[in-house]
Every structure is written in C-alpha cells, then in structure tokens.
Amino acid sequence: MAKFIIQGGHKLEGEISIGGMKNAATPILAATLLTDEECVISNLPRIADVERMLEIFKSLGSQIEWRDEHTVAIKNRDLNLASLDNKLVKSMRSSILLWGPMLARFHQVTTPEPGGCIIGARPIDAHLEALEKLGARVEKQGNDYLITAEQLVGATLYPVFSVTATENALMAAVTAKGTTEIHIAAAEPHVQDLGRFLIAMGAKIEGLGTHTIKITGVEKLGGARHHLIADAIEAMTYAVAAVITHGDLKIKNIQPEDLELVVLKLREIGVDLEVGVDYIHIKPSYHLKAFKLQTLPYPGFPTDLQAVFGILATQCEGTTLIHETLYENRFNYVNELVKMGANAIIADPHRVVVNGPTPLYGQEMKSFDLRAGATLIIAGLVAQGETIINEAEIVDRGYEKIEERLTALGADIKRTE
C-alpha cells in the first residue's frame, strides 16, 4: 500500500497542463474492440484505470504499442475471448463497457459483474435492459453474466441519463440492423467524445450532446485516430486546490465550455478567475462565500466534483448545503474532514451541511474512493502540520503522477510505499 505525506501551508503557483479525460479514455478504449483494424488514441492519461483496461485487452490477445508517453496503438485481431482476465474485470467498474462492443462484434460476452469505487448503488439494470431491447439474451450463471445475440436489431432505448449505459448502448447499436434511438440519453462531454470516435470509425450517429441520440447501423467499422478531450474533473481539482491555498495557477489545455456551470459556481463563491480560449487562470482569492450545490446529470453540476467542493466549503464564510442526488455513499470523506477540524454534519445519505471557515489540522486518513482521495489531498495542502493519506493507489485511478505535479506547483507532498 502507498501513502501520501503532506506538509500543509504552501500556495500552488505556476502553470499546469491538463491531460486526457479518464471518463473518456475507458469507453473509447473499449470501442476499439469493434474493429480488427488499428486504432490510435492520443492524449491518453497514464492512470491506473487505463493501464488496467489495457491489461484486460492483453489478456484477450490484443496488440498494444505505446507510440509515445500518451499515445497508444491498438489492434484487436485474433482475440481469444476465453482468456479474458476476470480478476481484472471485477477490479474496475468501467470494464462493464466491454459488454456493448464485444456483443456487437463477437455476438457473445461472458464476464463477472464489474467492481469499482464504493460510492453507492450503481445498478446494471439499465445496461442489461438496453442490450435485451437490442435483441440480446442475458443469463446469470453463478457470479457471471452470459450475454448472447445472433444479430442485434435497432430499438428505442431509455438509459435514463446513465452515462455508461448510454455508452454501452451506443457501442452495441452502431452495427445493429436498422435504426436505434436512445431517449433520455446522457449528454456528458465524454459521451460526446465517444460518439465522435465511433463516427471516425464509420458509425452513423446524430444528436450527440442532446438527450436523444439516433444511430443508423452500419455493416462494419474500421480503424481510426482520436485525440481525447481534456479532463475537466482533473482541471477543477487543481483549480480548487489553488483557490483553497490562495494560490495563483494557470490551468491550460482545457475546453472551458465543458466547465461553464462549475466556473459560474466558483465566481458565485467569490473566486477571482480569468477564462481564456483554452485555459482558466485562478488568482489569489480571499473572503470566499458559502454556497448551495446540487449534483445533476450534465449539463448539471458533476457528481465527480462534489467532494472537491466539499473541502472548499470548509474555507467559505457561512453555511453551505451540498445535495448529492446520484450516489448515497459519496460523503465518506466528510468524517475525515471533521477529524481535521471541519464543522460539517451529514444530514442524510444525500445531504451535508458545512459551516466555515474553519482551520484544518493534519491527520492520518484513508482514501475511500478516487474523488474522496483527491479531496483529502487538497485538505492536506491547506491543513496545519502533517497529513498522511493511506491507500494512495486509489487516487492513481484518475490522476496521473498527482504528487509530482503538485510538487512542481509548490506543494510539499511525498509518496511512500
């Protein structure tokens, strides 16, 4: 097990370039299974979830070549489905994204139910229902799912804003016979990015970025090149870290249009910032104001930033109310903040009240999930004294070399094994 050791009290200053989006990387890697031709993905983050997904591909027999540090070439030819590493599949939630493309290309898939962070119930019913409506047959065999389909046929689907179910439906439908309409579809930027990659492969898709997507099935997809969008969650994690340490940080290589609501919230709180064509500049900000926040499907406030704004609330004047509408276990980090001196109460599984500002003091803590881990790192940056965060490898799932990148900005953070 790894741990982060942080000495608080240092401002973040300088510039940082944001990498490719974690939540776009895994579905786009999964989509390469739809063809036996070479696909080249650039701006791919070197994070644990990406490395684990590629290990799953290697277990199938995929040919994988890193062209440079963040560009990978994948050729999925002559795969052996029986050699799928089920242990790896069970270790990550996003492995569920294998279902759609494997069913579309190979007409069957057998996997255990995926695992992932413990942030609350994430039922797979929407995935199974979408695949069944497209013509698949689903059988539960012990702890495994056997999903088969001689021919997928277009249908009208209702994933009800589920991001991964929308992505699975997209990948399954692109070679289905006829037309598929996905109603109440997720519209997140990474769903749109997957759609653009599928179109580059030869798919016919209309309505990306809306809640109604139309797919006209094609006979076959080919290889394609794709540059991943920037990770908006990573960008805002560093932004809040700069705000809370009264730092001066320019965050580059981003798409500000994906962050409009979050930027509005920061301005409402009193953050002094500048937005450019491809950057956000966080300037030293003081006298921050309490706020109300409710997570919602895109274009609402992203659930992946709820915890990050929870630590920000501890340094804001007044009472903040945060309403987490999507997951019931995403307030695990709050009790850790209370240990550090935060004045926060979990009202129920979906609401927390934070009163501030309060000084924070270093403690030894645990990373409960990816975003909670990043949040506790931010807490350590502003806390007095030493903070130790155990199970640091959980943060590696979504942040590339976070301790090195923070150190380059002036933080005092070390990683020990």
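So here's what we get for this one:
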quantity: Residues of the stretch 199-236 satisfying the condition of being within 25 Å of THR303 (Cβ to Cβ) and not small (Gly, Ala, Ser); calculated: LEU208, THR210, HIS211, THR212, ILE213, LEU228, ILE229, ASP231, ILE233, GLU234, MET236
quantity: The stretch 1-25 - residue that is polar (S, T, N, Q) and in contact with a strand residue (DSSP E or B) (Cβ under 6 Å, 6 or more places away or on another chain) and, of those, surrounded by the fewest Cβ atoms within 10 Å (Cβ to Cβ); calculated: SER17
quantity: Qualifying residue in the stretch 135-144 (condition: buried (at least 21 other Cβ atoms within 10 Å of the Cβ) and at pLDDT below 95); calculated: no
quantity: Set GLY310, GLY385, GLY341: member being at pLDDT 95 or above, more than 21 Å from ILE16 (Cβ to Cβ) and within 19 Å of the chain's Cα centre (by Cα); calculated: GLY310
quantity: Failed condition for GLY120, given (1) more than 17 Å from THR212 (Cα to Cα); (2) at pLDDT 95 or above; (3) in contact with a Pro (Cβ under 9 Å, 6 or more places away or on another chain); calculated: (2)
quantity: Index of the failed condition, ASP304 passing every other in (1) touching a Lys or Arg at 6+ places or on another chain (Cβ under 8 Å); (2) more than 24 Å from GLY398 (Cβ to Cβ); calculated: (2)
quantity: Any chance ILE28 is over 15 Å from ASP396 (Cα atoms), in contact (Cβ under 8 Å) with a residue 12 or more places away in the chain, under 17 Å from the mean Cα position of the chain (by Cα) and surrounded by 18 or more Cβ atoms within 10 Å (Cβ to Cβ); calculated: yes
quantity: Selection count where residues are assigned to a helix (DSSP H, G or I) and either acidic (Asp, Glu) or under 18 Å from PRO359 (Cα atoms) (or both), scope the stretch 308-335; calculated: 9
quantity: From the options ILE377, ILE394, residue that is within 24 Å of ARG52 (Cα to Cα), out of contact with any His (no Cβ under 9 Å at 6 or more places or on another chain) and surrounded by fewer than 24 Cβ atoms within 10 Å (Cβ to Cβ); calculated: ILE394
quantity: Complete set of residues in the stretch 65-87 that are closer than 25 Å to ALA224 by Cβ and surrounded by 15 or more Cβ atoms within 10 Å (Cβ to Cβ); calculated: HIS70, THR71, VAL72, ALA73, ILE74, LYS75, ASN76, LEU79, LEU84
quantity: Pick from the stretch 261-313, criterion among the β-branched types (Val, Ile, Thr) and in contact with a Ser or Thr (Cβ under 6 Å, 6 or more places away or on another chain), ranking: surrounded by the most Cβ atoms within 10 Å (Cβ to Cβ); calculated: ILE311
quantity: Output for the stretch 298-307, where each listed residue is part of a strand (DSSP E or B) and at pLDDT below 95; calculated: none
quantity: Criterion (of a type in the set (D, E, K, R), out of contact with any helix residue (DSSP H, G or I) (no Cβ under 7 Å at 6 or more places or on another chain) and within 24 Å of TYR399 (Cα to Cα)) met by exactly one of GLU219, GLU234; calculated: GLU234
quantity: Extreme residue, nearest to the chain's Cα centre (by Cα), among residues of the stretch 344-382 that are within 22 Å of THR303 (Cα to Cα) and in a loop (DSSP other than H, G, I, E, B); calculated: ASP369
quantity: Odd one out for ALA374, checked against (1) in contact (Cβ under 8 Å) with a residue 24 or more places away in the chain; (2) among the aliphatic types (A, V, I, L, M); (3) touching a strand residue (DSSP E or B) at 6+ places or on another chain (Cβ under 6 Å); calculated: (3)
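The values are calculated or read from the model by the stated rules, or taken from the named source; none is laboratory data. Here the structure is a predicted model, which means the values were calculated and not measured. Methodologically, a virtual Cβ is constructed for each residue, glycine included, from the backbone with ideal geometry; neighbour enumeration extends over all protein chains shown.
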